[in-house]
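Colleague: Would you mind keeping the following structure in view while I ask a few things?
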Amino acid sequence: MKLHDFIVTEAIVPELQATNRDGALRELVESLAAAAALPEVAVDEVVAALIKREQNGSTGFGKGVAVPHVKHPKIKQMAGTMGRSVAGIDFAALDHQPVFSVFLLLSPENQPQQHLQAMNILFSSLQEDMFRRFLRQSSTRETIIEVLDDADRVK
Amino acid sequence: MAKSARDIVVSNSLGLHARPAMQFVDTAGKFHSAIKVIKGGEEPYTADGKSVMQMIILAATEGTPLRIEAEGDDSDVAVAALAQLFMDKFGEE
């Protein structure tokens with residue numbers, strides 16, 4: 001599996017307008033719905049599920065990245081996207097630092113293996129200092145896609 | 001330095017996803033010992049048991065065998081406590 005197998009590139013948000021966690025989650029879910037990766041009618045429920053997931057334990061795993069994710073019956077096909085915040089967002093991260101890159105992953109309920117595989121691919125890249133740094137510097141959708149392409153190429 | 005190890009199998013149906021990975025790291029952090037979690041097979045990987053990111057990279061599905069290794073003065077208790085998390089299926093099905 002590669003990043004491109006689940007990241008919906010049309011839904012990438014190079015500059016999040018939201019300044020808080022819940023707003024960023026909504027913005028990214030709406031972006032996936034606009035790209036037809038998720039039914040519009042599922043947006044509110046999925047956002048609520050993501051917020052609940054964050055309240056149970058932040059997915060801000062440190063180093064300026066957060067990976068909010070949820071398995072939900074309304075999600076028929078795994079879909080992910082990425083949003084970038086210039087100012088940084090408080091995600092109640094484990095290292096108490098603001099988050100500049102948010103990767104959202106939505107998975108169907110009945111495919112835990114596929115979900116783990118996608119998380120594996122994502123975190124393998126997020127471990128790399130250069131990957132995180134390049135993402136933070138990429139101000140357009142095109143440059144973000146290039147960074148993701150590069151990450152896929154080295155695997 | 002004292003060393004301990006235990007072989008376990010992931011037994012919860014959702015596998016070692018983010019929540020159990022964080023639970024593992026929380027418990028690992030209570031011990032002085034250095035903790036490693038080793039996955040063999042076709043895609044071998046050794047995770048630092050105190051790093052959430054590395055634990056998620058293991059992508060250990062249900063049925064995956066893993067080895068927990070600890071090195072330090074409390075390695076025995078650390079390995080026992082961490083193996084217990086797997087036996088309890090991290091509180092899941």
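The values are calculated or read from the model by the stated rules, or taken from the named source; none is laboratory data. Since the structure is predicted, the reported quantities are computational estimates derived from the model, not experimental observations. Cβ coordinates were reconstructed from backbone atoms using ideal geometry, including for glycine residues, and neighbour counts include every protein chain displayed.
Colleague: Please find, among B:59, B:47, the residue that is under 26 Å from residue A:54 (Cα atoms) and either surrounded by fewer than 20 Cβ atoms within 10 Å (Cβ to Cβ) or modelled with pLDDT under 95 (or both).
Modeller: Result of the check over B:59, B:47: B:59.
Colleague: Can you confirm whether region A:51-68 contains a residue that is assigned to a helix (DSSP H, G or I), in contact (Cβ under 8 Å) with a residue 24 or more places away in the chain and either of a type in the set (Gly, Ala, Ser) or within 14 Å of another protein chain (Cβ to nearest Cβ) (or both)?
Modeller: Keep residues of region A:51-68 that are assigned to a helix (DSSP H, G or I), which gives A:51-56.
Now narrow it down to the ones that are in contact (Cβ under 8 Å) with a residue 24 or more places away in the chain: A:51, A:54.
Next cut, either of a type in the set (Gly, Ala, Ser) or within 14 Å of another protein chain (Cβ to nearest Cβ) (or both) only: A:54.
So far as region A:51-68 goes, yes, one or more of its residues are assigned to a helix (DSSP H, G or I), in contact (Cβ under 8 Å) with a residue 24 or more places away in the chain and either of a type in the set (Gly, Ala, Ser) or within 14 Å of another protein chain (Cβ to nearest Cβ) (or both).
Colleague: So which pairs qualify, if the first residue must be in region B:4-17 and at the interface with chain A (Cβ under 7 Å from one of its Cβ atoms) and on the phi > 0 side of the Ramachandran plot, the second must be in a loop (DSSP other than H, G, I, E, B) and of a type outside the set (A, V, I, L, M, F, W, C), the Cβ gap must be under 7 Å, and the two must be at least 6 apart or on different chains?
Modeller: B:15/B:61; B:15/B:62
Colleague: Same structure again: Out of (1) hydrophobic (A, V, I, L, M, F, W, C); (2) at pLDDT 95 or above; (3) surrounded by 16 or more Cβ atoms within 10 Å (Cβ to Cβ), what's the single condition that is false for residue A:35?
Modeller: Only one criterion is unmet by residue A:35, namely (3).
Colleague: Still on this structure, I have one more. Select from region A:23-39 the residues that are more than 13 Å from the chain's Cα centre (by Cα) and within 26 Å of residue A:139 (Cα to Cα) and list them in ascending order.
Modeller: A:23, A:33, A:34, A:35, A:36, A:37, A:38
Colleague: Still on this structure, I have one more. Does residue A:42 count as crowded, with 18+ Cβ neighbours inside 10 Å, touching a residue at least 24 places away in the same chain (Cβ under 8 Å) and over 15 Å from the mean Cα position of the chain (by Cα)?
Modeller: Considered against the rule, which asks whether it is crowded, with 18+ Cβ neighbours inside 10 Å, touching a residue at least 24 places away in the same chain (Cβ under 8 Å) and over 15 Å from the mean Cα position of the chain (by Cα), residue A:42 comes out as yes.
Colleague: Further, regarding this structure: Based on what the data block shows, is residue A:104 crowded, with 21+ Cβ neighbours inside 10 Å, within 15 Å of the chain's Cα centre (by Cα), within 17 Å of residue B:55 (Cβ to Cβ) and hydrophobic (A, V, I, L, M, F, W, C)?
Modeller: no
Colleague: For region A:76-155, which helices (runs of 4 or more DSSP H) that fit wholly inside it have 2 or more residues that are over 21 Å from residue B:22 (Cβ atoms) and touching a Ser or Thr at 6+ places or on another chain (Cβ under 9 Å)?
Modeller: Counting at least 2 such residues, we get A:129-137, A:141-153.
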